[in-house]
Amino acid sequence: MLLLFGIGVTAGLRTMTAPAVVAWAAHLGWINLSGSPLVFMGSVWAVALFTIGALVEYILDQRPSAHARTDPGPLTARIVTALLTGSCLAVAEGASTEVRALIVGALIAAVGALAGAFGGYQARVRLVRRLRVPDAVIAIPEDLFAIGLGLLCCFQIPHFRIAMAAVLAHVQSRALL
């Protein structure tokens with residue numbers, strides 16, 4: 001459940017980061033969405049669409065004219081992407097046969113999106129004011145935090161954890177040589 005909340009927080013911080021990370025995770029085989037209606041998230045098209053969307057969002061977020069993430073439109077978009085990505089992680093955790101578990105997973109992610117949107121907004125505004133720095137000084141680390149949190153949520157899915165263990169074992173064996 002914590003992973004579902006975390007991917008929701010990621011969506012709350014950056015609308016397109018959560019689906020971009022989940023699309024990449026599905027595409028690379030870190031999470032398994034096969035046999036579910038969400039299998040499209042692993043397609044090249046989904047990876048391209050959500051990655052471009054995330055990059056555009058990072059750029060537009062730096063503009064003074066950017067809408068607050070807590071405004072109705074941006075907040076709704078964050079909730080929608082949290083519902084999508086929460087469903088994907090619920091499927092990856094084995095909830096694909098239980099509709100109730102899928103819905104609960106999506107709703108937990110939506111609550112995470114609300115926490116991420118409002119908490120992230122307050123943290124960013126307060127840090128900019130308190131540190132007396134330009135907004136970008138806080139926004140860029142916030143982008144990196146959102147990416148890291150999304151990756152961490154996907155990292156905890158068993159298939160990716162096993163893959164990373166194999167990579168780390170390989171790196172350690174090379175270090176010993």
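The values are calculated or read from the model by the stated rules, or taken from the named source; none is laboratory data. Remember, it's a predicted structure, so these values are computed and weren't measured experimentally. Virtual Cβ from ideal backbone geometry, glycine too; neighbours counted across all protein chains shown.
Kindly check whether there is at least one residue in segment 98-105 that is among the charged types (D, E, K, R), at pLDDT 80 or above and more than 22 Å from the chain's Cα centre (by Cα). No, segment 98-105 contains no residue that is among the charged types (D, E, K, R), at pLDDT 80 or above and more than 22 Å from the chain's Cα centre (by Cα).
Could you check segment 25-143 for helices (runs of 4 or more DSSP H) lying wholly inside it with 2 or more residues that are surrounded by 17 or more Cβ atoms within 10 Å (Cβ to Cβ) and touching a residue at least 60 places away in the same chain (Cβ under 8 Å)?
Working: elements: 44-60, 72-90, 99-131.
Helices (runs of 4 or more DSSP H) meeting the threshold: 72-90, 99-131.
The single residue among Ile59, Ile140 that is among the aliphatic types (A, V, I, L, M) and out of contact with any helix residue (DSSP H, G or I) (no Cβ under 9 Å at 6 or more places or on another chain) turns out to be Ile59.
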